[in-house]
Ligand SMILES: [Cu+2]
């Protein structure tokens with residue numbers, strides 16, 4: 001009996017460092033607290049502030065990892081409003097963020113009133129939406145929201161505020177890749 005215990009203990013001692021090493025490296029790769037920030041700006045053509053010109057996002061394509069914490073920081077210089085319409089009215093609400101809110105102009109909110117929406121950053125297929133309020137003229141507004149992508153793939157994002165040209169504002173920038181639509185990748 002004594003021998004058995006000793007052997008078992010010895011076995012544990014012999015195996016433990018190997019298991020330990022495996023556990024440590026496994027844990028490190030699975031739960032390394034990665035937190036990335038993607039900064040996007042919303043500029044209007046030709047100048048950084050002013051209404052009536054075609055707006056566009058910068059950094060319209062980026063890649064993040066599944067499971068990491070991703071903060072999207074949008075700095076908008078657009079002082080024009082583009083109230084949401086019809087089926088897109090739901091995008092006045094913040095959706096899919098880790099705590100159901102975003103911080104817009106220093107305030108924590110869960111929605112932006114329709115009349116005050118300038119743009120949205122929406123990844124519909126991930127259920128993610130952050131409405132961007134109108135910026136003060138000649139200044140910028142900063143909007144941040146955090147989410148954790150739970151699946152891999154290439155996902156299209158859109159602005160659903162009618163901020164482009166045409167009778168209902170859905171042409172021009174709204175249909176130009178890299179302006180009010182783009183793609184993000186979530187890799188493993
Ligand atoms: Cu827009």
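The values are calculated or read from the model by the stated rules, or taken from the named source; none is laboratory data. Computed from a predicted model, the values in this text were never measured in an experiment. Cβ: placed from backbone, ideal geometry, glycine included. Neighbour counts: every protein chain shown.
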message: touching a helix residue (DSSP H, G or I) at 6+ places or on another chain (Cβ under 9 Å), within 17 Å of residue 72 (Cα to Cα) and without any contact (Cβ under 8 Å) to a residue 24 or more places away in the chain: which single residue out of 111, 158 fits that description?
response: 111
- request: Working carefully through the options 157, 179, find the one that is at pLDDT below 95, under 18 Å from the mean Cα position of the chain (by Cα) and within 12 Å of the ligand (Cβ to nearest atom).
  value: 179
message: Here are the criteria: (1) within 14 Å of the ligand (Cβ to nearest atom); (2) part of a loop (DSSP other than H, G, I, E, B); (3) at pLDDT 95 or above; (4) surrounded by fewer than 23 Cβ atoms within 10 Å (Cβ to Cβ). Tell me which single one residue 88 does not satisfy.
response: (2)
task: Could you tell me whether any residue of region 72-80 is within 30 Å of residue 188 (Cα to Cα), surrounded by fewer than 18 Cβ atoms within 10 Å (Cβ to Cβ) and free of Cβ contacts under 8 Å to residues at least 12 places away in the same chain?
output: no
Hey, residue 100 within 17 Å of residue 71 (Cα to Cα) and modelled with pLDDT of 95 or more or not: yes
Test: residue 183 is more than 22 Å from residue 111 (Cβ to Cβ) and assigned to a strand (DSSP E or B): yes
- prompt: In the list 164, 138, 106, which residue meets the criterion of being in contact (Cβ under 8 Å) with a residue 60 or more places away in the chain, over 14 Å from the mean Cα position of the chain (by Cα) and loosely packed, with under 14 Cβ neighbours inside 10 Å?
  reply: 138
